[in-house]
Amino acid sequence: AFDVLVVGGGPAGAAAAVYAARKGIRTGVAAERFGGQVLDTMAIENFISMSYTEGPKLAVALEQHVRDYEVDVMNLQRASKLVPASQPGGLITVELENGASLKARSVILSTGARWRQMNVPGEEQYKNKGVAYCPHCDGPLFKGKRVAVIGGGNSGVEAAIDLAGIVAHVTLVEFDTKLRADEVLQRKLRSLPNVEIIVNGQTTEVLGDGAKVTGLVVKDRASGQSRTIELEGVFVQIGLLPNTEWLKGSVELSPRGEIVIDERGATSVPGVFAAGDATTVPYKQIVIAMGAGSTAALSAFDHLIRTSAP
Ligand code: FAD
C-alpha cells in the first residue's frame, strides 16, 4: 500500500508527489493524462520566475521532476471510485476503470477541471489561435485588439471588465435574455466605454483565415438574424467543470461539483486531501494549483505521523 496516493498528474498532482516523495514515504501517482490542462496550453507567461514557457515543455518538466524521486507513476489510469477507510487510520481504496484497485493510507485528489465548450464550427480549429478560455492567462496577448466574451454569468462579466482594461473593444454575448452576473458587476460593466453587450445572442460560428480568428457569427434569438462581428479573440466563459463525477457520494462536493477543502487541503473524508482546479479554491491557475498540491502533501504527511496503521 502507498503512504500517499495522488490521483491526477497536472501541476497540483506533480507538486503533491514531489513534496510527498521528499518525506521519504511511499508515493504513487495515478493519472489519466500526465501533464493535465498544461498539455493543451501554448504560451504561458505567468509562471513566476519564467518570463515565457510553453505548455508541452512545462508538462515534460513536471513529469521529469516527479521521476527524480522514487514515485510510482501510473499514467493513462482513470480512477472510477474512492472508498474511504473502514476504520480510523485504515486504508483508503481507489478503484481504477481497468478494474484494478490501489490502497493508500492517505490520498490526494487533484483531478483538475475542463472548460465547457461552445461546440460550434471553428472553436476547436482556432483554440490557442484566438479562441481562449482564461482571461488571466491570455488577456495580455490581445492588447489593443478586439475580443468577444461568451457568457454573461459572473465569470463572463468579470472577464469582460478585466479585458476592457487591456484590449481595444469587448463584445459580451449572453444566450439568455439578461445577464446573470451579480448586479454590482453588471453596473461596472455598463459603465465601461469600450464594451458592447448582446443579450439573447447565440454564437453559431468562429471565423478565421486558417491561421487565426477573424470574426464571430452571432444569431439574434428573437429575430433569427445573424450578424458577423470582426475581432481577433474569443474568450469562452460558459463554465469550468471539475473532474469529480467519480467522487459523488464519497467526498463532499460543492453545488458546482468542486471538492470542498479547508485551508489545509483536507476534504470531508479523513486522510483524503485535495488540491487544484478540482477544488473550491477561488482562482484556477498553475502556480496556485502547485501551491495547493504542496499544501495537501504536507497535510497528508501530518496526517500520517498522527495516525498509526491499525
Ligand atoms: P489539471 O491540469 O486539470 O490536471 C488534472 C489531472 O488529473 C490530469 O492529469 C488528468 O488527466 C487527471 N485526471 C482527471 N480525471 C481523472 C481520473 N478520474 N482519474 C485519474 N486522473 C484523472 N494557468 C496559468 O497559470 N497560466 C496559463 O497561461 C494558463 N493557460 C491555460 C490555457 C488553457 C488552454 C487551459 C485549458 C488552462 C490554462 N491555465 C493556465 C490553467 C491551468 O492549466 C490550470 O489551472 C492547472 O493546470 C490546474 O492544475 P490541476 O493539477 O489542478 O489540474
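Against the list (1) surrounded by fewer than 19 Cβ atoms within 10 Å (Cβ to Cβ); (2) of a type in the set (Val, Ile, Thr); (3) more than 19 Å from the chain's Cα centre (by Cα), the condition VAL287 fails is (3).
The sole residue among LEU76, LEU39, LEU82 that is within 12 Å of the ligand (Cβ to nearest atom) and under 27 Å from LEU141 (Cβ atoms) is LEU39. Might you check whether a residue that is within 20 Å of ALA289 (Cα to Cα) and touching a Gly at 6+ places or on another chain (Cβ under 6 Å) occurs anywhere in the range 58-81? Scanning the range 58-81, I find at least one residue that is within 20 Å of ALA289 (Cα to Cα) and touching a Gly at 6+ places or on another chain (Cβ under 6 Å), so the answer is yes.
Near the ligand (Cβ under 10 Å from one of its atoms) and outside any helix (DSSP H, G or I): which single residue out of ILE25, ILE48 fits that description?
Step by step, each of ILE25, ILE48 is checked, and only ILE48 is near the ligand (Cβ under 10 Å from one of its atoms) and outside any helix (DSSP H, G or I).
Hey, can you tell me all the residues within the range 271-306 that are within 12 Å of the ligand (Cβ to nearest atom), within 21 Å of LEU247 (Cα to Cα) and of a type in the set (A, V, I, L, M, F, W, C)? Across the range 271-306, the qualifying residues are ALA274, ALA275, ALA278, VAL281, ALA289, ALA292, ALA296. Taking the listed residues ALA20, ALA113, ALA79, ALA132, the one that is in contact (Cβ under 8 Å) with a residue 60 or more places away in the chain, crowded, with 17+ Cβ neighbours inside 10 Å and within 17 Å of ALA300 (Cα to Cα) is ALA20, with no other qualifying. Candidates SER226, SER155: the one that is free of Cβ contacts under 8 Å to residues at least 24 places away in the same chain and of a type in the set (Ser, Thr, Tyr) is SER226.
Identify all residues within the range 116-128 that are of a type in the set (D, E, K, R), surrounded by fewer than 16 Cβ atoms within 10 Å (Cβ to Cβ) and in contact (Cβ under 8 Å) with a residue 24 or more places away in the chain; write none if there are none.
Start the filter on the range 116-128 by keeping residues that are of a type in the set (D, E, K, R), which leaves 116, 123-124, 127.
So of that shortlist, the ones also surrounded by fewer than 16 Cβ atoms within 10 Å (Cβ to Cβ) come out as 116, 124.
Across the range 116-128, the qualifying residue is only ARG116.
Would it be correct to say that ALA15 is under 16 Å from the mean Cα position of the chain (by Cα) and touching a residue at least 12 places away in the same chain (Cβ under 8 Å)? Here the answer is yes, as ALA15 does meet what is asked. Looking only at residues of the range 62-76 that are aliphatic (A, V, I, L, M) and out of contact with any helix residue (DSSP H, G or I) (no Cβ under 9 Å at 6 or more places or on another chain), we find that the one that is surrounded by the fewest Cβ atoms within 10 Å (Cβ to Cβ) is LEU76.
Every number in this text was worked out from the coordinates using simple rules, so none of it is lab data. Owing to the predicted nature of the structure, the values given are computational and were not obtained by experimental measurement. Cβ coordinates were reconstructed from backbone atoms using ideal geometry, including for glycine residues, and neighbour counts include every protein chain displayed.
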